[in-house]
1. Between a residue in the range 52-74 that is at pLDDT 75 or above and any residue that is surrounded by 10 or more Cβ atoms within 10 Å (Cβ to Cβ) and not aliphatic (A, V, I, L, M), which pairs come within a Cβ distance under 6 Å, given they are 6 or more apart or on different chains?
2. I'm checking my understanding of the structure. Among residues of the range 1-51 that are aliphatic (A, V, I, L, M) and assigned to a strand (DSSP E or B), which one is nearest to Leu64 (Cα to Cα)?
3. Among (1) more than 24 Å from the chain's Cα centre (by Cα); (2) modelled with pLDDT of 80 or more; (3) not in a helix (DSSP H, G or I), which single condition is Leu99 missing?
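The values are calculated or read from the model by the stated rules, or taken from the named source; none is laboratory data. This one's a predicted model, so the numbers in the text were calculated from it and none came from an experiment. Note that each Cβ is placed from the backbone with ideal geometry, even for glycine, and that neighbours are counted across all protein chains shown.
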Amino acid sequence: MVLKWIRSRRPKQEEPAGEHCFECRTLLPDGAEERRASGAVLLDRVGWFCALRCEQRYRFRFRLQPSRPPSPDSSPVAPAPTPSSTVQVVHAVSSPEELLAAIRERRRRALRSA
């Protein structure tokens, strides 16, 4: 307890000006161009990382997908469905009784095929 009081009485160290790496807390240079020149990477909505290694560790920890810019000649197209023998057509049901009957029928078919 006395040690805590002594530590609280000593002058605090000044934090150096600038921004820190979001992962390893390394001090980064001021200015975006200087940061990029030193190898720093900016991740949108997160912050600056001192290197690509820190950014990749952060993405791995929080399971973020790497951002890939879309290629100019590719347009977003949904993949074509592949025909499969296990795919069953689902019909809309209008009442809970129909739904229960459909579920029971599906279970019966699964038990017969197993």
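1. Final answer for the pair search is Cys54/Cys21; Cys54/Glu23; Cys54/Cys24; Glu55/Phe49; Arg57/Glu23; Tyr58/Glu23.
2. Quick first cut of the range 1-51, residues aliphatic (A, V, I, L, M) only: 1-3, 6, 17, 27-28, 32, 37, 40-43, 46, 51.
Retained after the next criterion (residues that are assigned to a strand (DSSP E or B)): 27-28, 41-43.
Numbers: Leu27: 24, Leu28: 23, Val41: 15, Leu42: 14, Leu43: 11 Å.
Out of the qualifying residues, it is Leu43.
3. (3)
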